[in-house]
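Notes for the one structure printed next.
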Amino acid sequence: MKTSPLQLLRYFVPEIACTANKEFNVEKDVEVSMDQFQVLVELSRSEEEEEQNSWLLDMAVIQQIGPKQNFPYEFKLNIVGIFSCKKELPNGIDEERFVKVNGASILYGVAREIVRSTTANGPWSELIVPTVSFFEPPTETETGKATSATPSHSTP
């Protein structure tokens with residue numbers, strides 16, 4: 001087994017809010033509306049750790065509930081990760097793209113556990129947010145071919 005060229009150096013949570021829905025009825029079906037769930041990702045170079053080729057990945061995981069929607073919790077979590085990436089990536093992979101896809105995947109796993117453990121302490125059962133993919137097809141400029149690009153944030 002070998003280590004990944006991408007390493008999570010540290011992370012912190014600058015914002016977390018979770019509200020239990022007082023109107024939630026455990027006897028009714030849970031009303032899931034995926035358009036009210038968002039995962040937003042921003043990636044930039046880390047000035048603090050520049051000598052280590054570091055990146056700062058800022059992620060927001062948001063669940064809003066509509067009026068009279070039977071869903072147990074509404075939450076917002078902002079988590080920031082600082083990653084180090086070795087310059088020698090295989091097969092000419094673009095470093096920024098590599099860090100964004102893989103770094104977001106790593107940080108999202110941490111965010112999922114934070115949401116699960118936070119909601120586990122609430123009045124309703126724990127909530128496990130859906131798995132998402134941060135892979136974006138290469139753009140035309142990355143491949144030299146015509147492909148569709150996706151926005152800079154991911155939603156399930």
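Derivation of every value follows stated rules applied to the coordinates shown; laboratory data play no part. These figures come from a predicted structure and were not determined experimentally. Here the Cβ is made from the backbone with ideal geometry for all residues, glycine too, and neighbour counts use every protein chain on show.
Helical runs (DSSP H, four residues minimum) scored at -39500 (n - 2.57) apiece and divided by the length of the chain put the mean residue ellipticity at 222 nm at -6500 deg cm²/dmol.
Applying 1/(1 + (r/R0)^6) with R0 = 30 Å to the Cβ-Cβ distance of residue 21 and residue 113, what FRET efficiency is obtained, to the nearest 0.05? Walk me through the numbers before you get to the answer.
Working: r = 22 Å, r/R0 = 0.72.
Given R0 = 30 Å and the Cβ-Cβ separation, E is 0.90.
Summary value for segment 21-129: 22 percent relative contact order, contacts being C-alpha pairs under 8 angstrom separated by 6+ residues.
Take the alpha carbon atoms of segment 6-135, find their radius of gyration, then divide it by 2.2 N^0.38 Å using N residues; give the quotient.
Values: Rg = 17.1 Å, N = 130, 2.2 N^0.38 = 14.0 Å.
Its radius of gyration relative to the 2.2 N^0.38 Å reference: 1.22.
To the nearest ten degrees, helix 95-120 and the longest principal axis of the Cα atoms of the chain are 20 degrees apart.
Grab the Cα-Cα distance for residue 28 and residue 4, subtract it from 0.36 nm times how many residues apart they are, and report the gain in nm with one decimal. Show your work: numbers first, answer last.
Working: separation 24, 0.36 × 24 = 8.64 nm, distance 4.50 nm.
Contour length minus Cα-Cα distance gives 4.1 nm.
Measuring r between the beta carbons of residue 36 and residue 97 and using R0 = 35 Å, the FRET efficiency lands at 0.75. For the chain, the number of Lys pairs with C-alpha atoms closer than 29 Å, counting only pairs eight or more positions apart or on separate chains, is 14. Using 0.36 nm per residue and subtracting the Cα-Cα separation, the extra length available between residue 60 and residue 84 on full extension is 6.6 nm. Neighbour counts of other Cβ atoms within 10 Å put 85, 18 in the fewest-to-most order 18, 85.
What does the net charge come to around residue 68 if you take all other residues with beta carbon closer than 13 Å to its beta carbon, with K and R at +1 and D and E at -1?
On the way: positive: 22, 28; negative: 23, 31.
Surrounding charge for residue 68 is 0.
For the residues 40, 57, 107, a GNM of the chain with alpha-carbon springs under 10 Å puts the largest fluctuation on 40.
Backbone amide hydrogens, once placed in the peptide plane, bring residue 132 within less than 5 Å of nothing, excluding anything fewer than 5 places away on its chain.
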